[in-house]
Amino acid sequence: MKGALLYEGKAKKVYSMLGEEYQLILEYKDDATAFNGKKHRIFPGKGQLNNKISAHIFEYLHDQGIPSHFIQQLSATEQLVHQTHIIPIEVVVRNVATGSLTKRLGITDGRSFENPLVELYYKKDELNDPLINDDHAKLLTGIQEKELSFLKEQALLVNEQLHALFKKMDITLVDFKLEFGRLHDRTIVLSDEISPDTCRLWEKGTNRKMDKDVFRQDTGDLLEVYEAIWQRLKEDIHV
Ligand code: UDP
């Protein structure tokens, strides 16, 4: 049973799970935010879509041998997860150049990479989540060299699996952001969410954006594209 509200973030609320000390309930909200919370809008039904999509992706990854905090979907907007203490590092994997990368390094938008790029960002709103290197990550979070290597390896494995999954849906996985957390025994697992809020997804052929960029850039109907992702996902996976 759902216990007390422990934390409320921009896109999710976190509750305790009564009787289960090391489990939590995540409730997906209908809020969309961008530019570090400066842009905000509510899309009724977004929480349900992201809950379904994220649950489905974590189940798929689990079947491919990639563990995460995910246990099971509980309701339209809720999922049960193992409690983790989030490591304040955002791991971004890029297959195609776009967004901040093109601005920072002058790389042409839309350029595909033969070898995916892995980047680390320090998860700290007050600092606008700055790009960091391994030394910064170790200094700021106390993470060890071996653990950092593990994070990057896992991120590349997730990339391989998601790339294959979205390819079958005629979608290019452009880039995405992952977060990892420590379980009670300090083991590190994939955590947070994987959804069109955290991935860039471009339709093959048309290059139509099917992710949160439609909200960031006001180029389309967020609910319509998230629903389209869900429809393609649910038809396709678990082969
Ligand atoms: N991303 C995210 N949360 C963040 C920052 C980035 O989910 O706080 C995702 C984003 O949706 C994209 C990828 O990480 O799929 C790379 O984002 P980028 O650094 O290009 O972000 P930008 O600042 O351009 O949005």
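Where a number appears in this text, it was derived from the coordinates with a stated rule and is not lab data. Just so you know, these numbers come straight off a predicted model, no measurement behind them. With ideal geometry, Cβ positions are generated from the backbone for all residues, glycine too; neighbour counts draw on all protein chains shown.
Would you mind checking 46/138; 123/168; 12/152 for any pair whose Cα atoms are more than 27 angstrom apart? Numbers along the way, then the final one.
Working: 46/138 36 Å; 123/168 32 Å; 12/152 25 Å.
From 46/138; 123/168; 12/152, over 27 Å: 46/138; 123/168.
Dipole of the chain (Lys/Arg Cβ +1, Asp/Glu Cβ -1, origin at the Cα centre): which of 53, 75, 97 lies farthest to the positive side?
The residue sitting farthest along the positive end of the dipole is 97.
Please name whichever of 44, 23, 11 sits farthest to the positive end of the charge dipole of region 1-137, dipole taken about the Cα centre and charges placed at Cβ: Lys and Arg +1, Asp and Glu -1.
In region 1-137, that residue is 44.
Could you work out how much longer the chain between residue 105 and residue 145 gets when fully extended? Use 0.36 nm per residue separation minus the Cα distance between them, nm to one decimal.
Gain on stretching residue 105 to residue 145: 11.8 nm.
About its Cα centre, how strong a charge dipole does region 165-218 have in debye, to the nearest 20, once Lys and Arg get +1 and Asp and Glu get -1 at the Cβ?
The dipole of region 165-218 has a size of about 200 debye.
Defining a contact as two alpha carbons under 8 Å apart and six or more residues distant in sequence, what relative contact order in percent does the chain show?
Contact order relative to length: 17 percent.
So what is the orientation-averaged projected area of region 94-181, using the convex hull of its C-alpha atoms, in nm²?
Average of the hull's projected areas for region 94-181 equals 6.6 nm².
State to the nearest 20 debye the size of the charge dipole of the chain about its Cα centre, where the only charges are +1 on K and R beta carbons and -1 on D and E beta carbons.
480 debye
Is there a quick way to get the dipole size of region 145-239? I mean about its Cα centre, with the Cβ of Lys and Arg at +1 and of Asp and Glu at -1; what is the value in debye to the nearest 20?
220 debye
Quick one, can you get me the convex hull of the C-alpha atoms of region 15-147 expressed as volume per residue in Å³?
On the way: hull volume 22.6 nm³, N = 133.
In region 15-147, the Cα convex hull volume per residue is 170 Å³.
Using only the Cα atoms of the chain, what are the Rg and Dmax in Å?
Computed over the Cα atoms of the chain, radius of gyration and Dmax are 17.2, 52 Å.
Can you tell which of 202, 113, 184 lies farthest toward the positive end of the dipole of region 88-239, using +1 and -1 charges on the Cβ of basic and acidic side chains (Lys, Arg; Asp, Glu)?
Projecting each Cα onto the dipole axis, the largest value belongs to 113.
Taking a ≥ b ≥ c as the square roots of the eigenvalues of the Cα gyration tensor of region 190-239, is the shape rounded (a/c under 1.5), prolate (a/b larger than b/c) or oblate?
oblate
Name the residue, out of 139, 18, 157, whose mean-square fluctuation peaks in a Gaussian network model built on the chain with Cα pairs under 10 Å.
In the Gaussian network model the winner is 139.
Quick check: residue separation of residue 236 and residue 164 times 0.36 nm, minus the Cα distance between them. What number comes out in nm?
Full extension from residue 236 to residue 164 adds 24.8 nm.
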